[in-house]
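J.: Below you'll find the structure I mean.
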Amino acid sequence: MKEMLLVGRGGEGVVLASQLLADAFARAGFWVQSFPEFKPERRGAPISAFLRWDESPIRRRYKVHDCDVLVVVTPAAPSPEVVETLRPGGLLVLNRETRYPSSGPFRVARVPASRIARGDGVLSAEGRPMGNVAVLGACVRLLLPEGLAFLEEAVSSRLGAAAEANIHAARGGYARCTRQRTMAGDTPLE
């Protein structure tokens, strides 16, 4: 079983992202479990969503404490405390245009999801780019390489009139995801 933690801020679509990705994994034939954790429910408050997927039924019924995949939907760099939830050998997926200057016993991938969302017109009511679905495109490329069509189907079934722009953003995230290599100047994280 694989476990994922998605983190961000209220209003960035973190919960929707976990539901869409769960739908895509289910369409690919996996057993899935997705649920959010809300703190003070307001725009800008920290939000977490959890996702599990496996080829057999999932019996766990508690939140994810240590994850195989950590997805940061917000364009801000994650705190060291958040990165500590990632298991050794795990994958950190960032909504980031520039290089993440830290390294550790995990792999790093990044995608300019906010830029993609702005270019595709996927904006919040306040005009902020909603990079959640573009980040999912990157996740699918890394975790389910043949599954972009499943994500597109999930987006179509859930987002109605907004589906077309979000599908385009997911394709952009899939295409523009890059894996980051460790460099000598990186700050080591445990």
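J.: So, in the range 1-30, how many residues would count as being in a strand (DSSP E or B) and either among the aromatic types (F, W, Y) or within 18 Å of V82 (Cβ to Cβ) (or both)?
T.: Step one: of the range 1-30, the residues in a strand (DSSP E or B) are 2-9.
Keeping just the survivors that are either among the aromatic types (F, W, Y) or within 18 Å of V82 (Cβ to Cβ) (or both) gives 3-9.
Total meeting the criteria: 7.
J.: If the Cβ limit is 7 Å and pairs must be 6+ apart or interchain, which residue in the range 97-120 that is more than 18 Å from M183 (Cα to Cα) pairs with which residue that is of a type in the set (G, A, S) and surrounded by fewer than 22 Cβ atoms within 10 Å (Cβ to Cβ)?
T.: D120/A165
J.: Taking the condition surrounded by fewer than 14 Cβ atoms within 10 Å (Cβ to Cβ) and in contact with a strand residue (DSSP E or B) (Cβ under 9 Å, 6 or more places away or on another chain), does R179 pass?
T.: yes
J.: Can you pull out every residue in the range 20-48 that is in contact (Cβ under 8 Å) with a residue 60 or more places away in the chain and buried (at least 19 other Cβ atoms within 10 Å of the Cβ)?
T.: If the condition is that a residue be in contact (Cβ under 8 Å) with a residue 60 or more places away in the chain and buried (at least 19 other Cβ atoms within 10 Å of the Cβ), then L20, L21, D23, A24, F25 are the ones that fit.
J.: Looking at the range 110-151, which of its residues are within 20 Å of L6 (Cβ to Cβ) and charged (D, E, K, R)?
T.: R110, R115, R128, R141
J.: For the range 76-156, give me every one of the helices (runs of 4 or more DSSP H) that falls completely inside it and has 1 or more residues that are open to solvent by 10 Å² or more (accessible area, probe 1.4 Å) and at pLDDT 95 or above.
T.: 113-120, 132-143
J.: Quick check on L51: is it surrounded by 13 or more Cβ atoms within 10 Å (Cβ to Cβ), within 11 Å of the chain's Cα centre (by Cα) and either more than 16 Å from R107 (Cβ to Cβ) or of a type in the set (F, W, Y) (or both)?
T.: Working: surrounded by 13 or more Cβ atoms within 10 Å (Cβ to Cβ): yes; within 11 Å of the chain's Cα centre (by Cα): yes; either more than 16 Å from R107 (Cβ to Cβ) or of a type in the set (F, W, Y) (or both): yes.
Spelling it out, L51 is indeed surrounded by 13 or more Cβ atoms within 10 Å (Cβ to Cβ), within 11 Å of the chain's Cα centre (by Cα) and either more than 16 Å from R107 (Cβ to Cβ) or of a type in the set (F, W, Y) (or both).
J.: I'm told H65 meets every condition in (1) touching a strand residue (DSSP E or B) at 6+ places or on another chain (Cβ under 7 Å); (2) open to solvent by 40 Å² or more (accessible area, probe 1.4 Å) except one. Can you identify the failing condition by its number?
T.: Of the numbered conditions (1) touching a strand residue (DSSP E or B) at 6+ places or on another chain (Cβ under 7 Å); (2) open to solvent by 40 Å² or more (accessible area, probe 1.4 Å), the odd one out for H65 is (1).
J.: Turning to a different aspect of this structure: State all residues of the range 54-71 that are part of a strand (DSSP E or B) and either polar (S, T, N, Q) or closer than 18 Å to V135 by Cα (or both); if no residue qualifies, say none.
T.: So in the range 54-71, the residues part of a strand (DSSP E or B) come out as 54, 67-71.
Residues satisfying the conditions are C67, D68, V69, L70, V71.
J.: Considering each residue of the range 72-84, count those that are over 15 Å from the mean Cα position of the chain (by Cα) and either within 16 Å of V135 (Cβ to Cβ) or of a type outside the set (D, E) (or both), and give that number.
T.: 2
The values are calculated or read from the model by the stated rules, or taken from the named source; none is laboratory data. These figures come from a predicted structure and were not determined experimentally. Backbone-built Cβ (ideal geometry, glycine too); neighbour counts: all protein chains shown. Just the protein is used for accessible areas: all its heavy atoms, side chains included, with ligands, DNA and RNA removed. Shrake-Rupley method; radii C 1.70, N 1.55, O 1.52, S 1.80 Å.
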